[in-house]
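A short worksheet on the structure shown next.
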Amino acid sequence: MKSVKIQAPATSANVGPGYDIFALALKEPFDQVELTLNDSGTISIEIINDIQNIPTNPQDNTAGLAAMELFRLKKINHGLKIRILKFMCSGGGMGTTGASAAATIYGLNKLLNLQLAPNEMIDFARKGEVASGGSPHADNVAAAILGGFVLVKSYNPIDVLKLELPETPVVLAAIRKSQRTTRGFITYEIGQEKLKEQMARCSRVIHAIHIGDMEEFGSAISVDYIHEPVRGAAIPGYWGTKKKVLAAGAYGCTISGGGSSVIAFCSTEKQDEIAELMEKDFSSNPNYSKTYKTFTSNKGVQIID
Ligand code: HSE
């Protein structure tokens, strides 16, 4: 096998209080990556339908950087062509950079028969994320590879647990952030009271998943003292719309990944109403892209024809 095509799902990282340690996979949208091994000795990248100026220099691209790291550490001398088919908006907190890196490592594992364990694939893929936000966070790539809800149990060494979620309706207002990353503004100095609440919320999220209670899950994810204050401030009208979304009956609402997309979980009956509400409130934002009505998904990256 010299060529393989892979599909990787959008992912929503942090899931409220789990900054850098929680993420979940969505049924739609997704990106695709086609990998072809060659004898060129170099890695080249082509972006199909690129409307977003995604870098094609391998070092500056999450897929390219992840592949470079894999080749370096496994002493692989092949050349590689990476064709990336983008369906998601970049810079929107939907894990599109993680999807490219995850798909590339998953595909190379198959093509080169490397027999990498899931944690090893996650570890290589997260190295690619440095090209995007400057940090090797594992949450998005883990959810893209494994599907479902993921909990990063340990960063050193990387150890990720996948938990299955009941298929739950999701509304995601895709909004690009106005700057590359807001990570530099986030502080862990939140004080004892907020820290206790934060830990309680993380525990509640995991408990809610164990008992399959998505209302409890939604309530638990709707408070975060680490990244939401910073990223919420960068989304005009965010707090007011969140309030309305929760009042309309959503289980929970928070910022998706690094922002500025906003994600809500709800019942099937409420999905249209909440989507309309978010679209109405956010569509005047110049960085707004579209509102997705989708679902959580227990499926991760997969090979396609
Ligand atoms: N955990 C990462 C962050 C996810 O919050 O920056 C980025 O999608």
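The values are calculated or read from the model by the stated rules, or taken from the named source; none is laboratory data. Predicted model only: the values in this text are computed from it and were never measured. FYI the Cβ positions are ideal-geometry reconstructions off the backbone, even for glycines, and counts take in every protein chain you see. Heavy atoms of the whole protein, side chains included, go into the accessibility calculation; ligands, DNA and RNA do not. Shrake-Rupley method; radii C 1.70, N 1.55, O 1.52, S 1.80 Å.
With a cut-off of at least 1 residues that are open to solvent by less than 10 Å² (accessible area, probe 1.4 Å), name the strands (runs of 3 or more DSSP E) lying wholly within segment 100-186.
Correct list: 149-155, 169-175.
How about segment 258-269: which of its residues are assigned to a loop (DSSP other than H, G, I, E, B), within 16 Å of the ligand (Cβ to nearest atom) and at pLDDT 95 or above?
Matches in segment 258-269: SER261 only.
Among the residues of segment 197-231 satisfying the criterion of being out of contact with any Pro (no Cβ under 8 Å at 6 or more places or on another chain) and small (Gly, Ala, Ser), which is farthest from THR182 (Cα to Cα)?
ALA208
Going through segment 207-229 one residue at a time, which ones are in contact (Cβ under 8 Å) with a residue 24 or more places away in the chain, open to solvent by 30 Å² or more (accessible area, probe 1.4 Å) and touching a helix residue (DSSP H, G or I) at 6+ places or on another chain (Cβ under 9 Å)?
GLU215, SER219, VAL223, TYR225, listed by residue number.
Can you confirm whether SER12 is outside any strand (DSSP E or B) and out of contact with any Cys (no Cβ under 8 Å at 6 or more places or on another chain)?
Here the answer is no, as SER12 does not meet what is asked.
Report yes if GLY232 is more than 20 Å from the chain's Cα centre (by Cα) and either open to solvent by 10 Å² or more (accessible area, probe 1.4 Å) or over 17 Å from THR168 (Cα atoms) (or both), otherwise no.
no
Residues ILE235, ILE255: which one is out of contact with any Asp or Glu (no Cβ under 9 Å at 6 or more places or on another chain) and at negative phi?
ILE235
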